[in-house]
Protein chains: 2
Amino acid sequence: MRRVVQEIRVRPGQLDEYRRLHQRVPGPVLDRIRRSHIANYSIHLLGDRLIGYFEYHGDDLAADLAAMAADEPTLRWWALTDPLQEPLPEAGAGEHWATARQIFSLEEQEQEQQ
Amino acid sequence: MRRVVQEIRVRPGQLDEYRRLHQRVPGPVLDRIRRSHIANYSIHLLGDRLIGYFEYHGDDLAADLAAMAADEPTLRWWALTDPLQEPLPEAGAGEHWATARQIFSLEEQEQEQQ
């Protein structure tokens, strides 16, 4: 299992709409996330930054994300949410959300020290 | 279970030392985190920001954090790590790490939509 943390900025004045949309994400969008082997996904707000955390249980994250990006309900959902967001300077070329690097895990350290 | 996301800045030039320290966190510090009903704790780096994620399984987070702050091995650990960090503007009065607010959870939405 791989822990993934991502960040993006919410555009000024768009937070209320972003929160409203996320009070009820379409079921097919949730299903597509799940079928891409993603679990325990949550999004948090700090200042104007959205912080996403999820756990990836597959063996080809790029392919699983591509499957989401080819899914009609997901594309309709992103057409609503993308305009509310603005990539951070840390985002790589072609990245929307910028991806962080894990530098510590409680569970991994406990296993190493056993 | 409550998901907690926190952020803090790593001071310029201190990242290598922060990473080195976190390659082997003292066992008593890990134990004290665990006894404070915290699980699945990981720290990630994006730009100069450290992003922490953990899951809290107790019923009094303030008391459980206070127990950590009264623990000798934890205080010795923080004496090493605190000088490497700088609170973000979003940190509240008396906060070291700034705490984000959850605005979406895959699992909670799936339950609500069942």
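The values are calculated or read from the model by the stated rules, or taken from the named source; none is laboratory data. Since this is a predicted model, take the numbers as computed values, not measurements. With ideal geometry, Cβ positions are generated from the backbone for all residues, glycine too; neighbour counts draw on all protein chains shown. Areas reflect the complete protein model, heavy atoms only, side chains present, ligands, DNA and RNA absent. Shrake-Rupley method; radii C 1.70, N 1.55, O 1.52, S 1.80 Å.
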Check: Using a label point 7 angstrom from Cα along Cα-to-C-beta, what distances in nm, from shortest up, separate A:ASP48 from the other copies?
Finding: 1.9
Next item on the list: Would you pull out the residues with amide H under 5 Å of A:PHE104's amide H, same chain only if 5 or more places away, H placed 1.01 Å from N?
Entry: B:ILE43
Margin query: Given the whole protein assembly as supplied and a 1.4 Å probe, what does the accessible area of A:SER105 come to in Å², nearest 10?
Written below: 0
Next item on the list: Name the residue farthest towards the positive end of the dipole of the protein assembly as shown from the options B:TYR18, A:VAL29, A:SER42, assuming +1 on Cβ of Lys and Arg, -1 on Cβ of Asp and Glu, about the Cα centre.
Entry: B:TYR18
Notebook entry, point to check: Which parts of the stretch B:51-70, residue by residue, lose 40 Å² or more of accessible area when the rest of the protein chains are there, as against the chain isolated (1.4 Å probe)?
Noted result: B:ILE51, B:TYR53
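Per-residue Cβ counts within 10 Å, from other chains only, averaged over B:96-107: what number is that?
6
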Note to self: Please compute, over every Cα-Cα pair in the stretch A:59-114, the percentage with a separation greater than 13 angstrom.
What the structure shows: 74
Note to self: Could you compute Rg(Cα) / (2.2 N^0.38 Å) for chain B, with N its residue count?
What the structure shows: 1.14
Next item on the list: Determine the share of chain B's accessible area contributed by carbon and sulfur atoms, expressed in whole percent, with a 1.4 angstrom probe.
Entry: 49
Notebook entry, point to check: Taking a probe of 1.4 Å, how large is the accessible area per residue of the protein assembly as shown, in Å²?
Noted result: 51
Check: Counting only Cβ atoms, what residue of chain A lies nearest to the axis that sends chain A onto chain B, and how many whole Å off?
Finding: A:TYR53, 2
Notebook entry, point to check: Which shape class, rounded, prolate or oblate, goes with the stretch A:21-62 when its Cα gyration tensor gives a ≥ b ≥ c as root eigenvalues, a/c under 1.5 marks rounded, and past that a/b bigger than b/c marks prolate?
Noted result: oblate
Next item on the list: Mind telling me which of B:GLN14, B:GLN85, B:GLN102 comes out most flexible in a GNM of chain B, alpha-carbon contacts under 10 Å?
Entry: B:GLN102
Notebook entry, point to check: So how strong a dipole does the protein assembly as shown carry about its Cα centre when Lys and Arg Cβ are +1 and Asp and Glu Cβ are -1, to the nearest 20 debye?
Noted result: 200
